[in-house]
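S.K.: The structure's right below; bear with me while I get my questions together.
What follows draws every value from the coordinates through simple rules; no lab data is involved. Only a predicted model underlies this, so the values are computations on that prediction, with no experimental measurement involved. Cβ placement follows ideal geometry from the backbone for every residue including glycine, while neighbour counts extend to all protein chains displayed.
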Amino acid sequence: MKKIADIAGRNELAEVVSEAVVETFTRMFGQDLAAGAAKETPGMNLPNEVVLTYVKLSHNNEDFAFCFKFDTQLLLRAAEKIFSPEYIRDNPVIPDIACEIANIVGGKVKVFLKNEGYFTDMGFPFLATSEEAASLIDRRSVPMHFFFTEGGSKPGVGVAVDFIVS
């Protein structure tokens, strides 16, 4: 029986996630992101505030999840491309955009896994509580970071994605 843990370390999965994140931000929200190494570098701008979003999938009796850590400033810049300032002020667009991006990426991962012979169910993306985040912190696999520049300044971490197998 195929197990999701067997695919966790393969480059193809990271490539699917990477392409989906970059394509979504570029095409839908007009934000340029670049995939990079999941490590801190000197001079890198780290986000002041993040939104944690999870999308959980399951295959047979195995659960796995993608944890997205979005820089709220990047999400705000994305929102400004499609919503008016008044709409942004009056509605919870930041969490909505975070969940929508997680949904798009999760959907592309699900299609990839189906083509690899893994038939998965996918739940709705949700915002994580700090307790949920803390319980998953040590079970990381395939961490990916995506960077953006703000007006020519130093690159900042815009999105960090972790693939977690339970």
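S.K.: Any idea how far apart Lys81 and Asn11 come out in nm if each label point goes 7 Å out from Cα toward Cβ?
M.R.: Once both label points are built, they end up 2.8 nm from each other.
S.K.: While we're on this one: Within 10 Å of each residue's Cβ, count the other Cβ atoms and sort Phe83, Phe25, Phe68 from fewest upward.
M.R.: Details: Phe83 16, Phe25 23, Phe68 27.
Fewest-to-most Cβ neighbours within 10 Å comes out as Phe83, Phe25, Phe68.
S.K.: Looking at the P(r) of region 69-109, how many percent of alpha-carbon pairs lie beyond 13 Å?
M.R.: On the way: 427 of 820 pairs.
Looking at region 69-109, the distances longer than 13 Å represent 52 percent of pairs.
S.K.: By count of other Cβ within 10 Å, fewest leading, how are Thr120, Thr53, Thr26 ordered?
M.R.: So the ranking, lowest neighbour count to highest, is Thr26, Thr120, Thr53.
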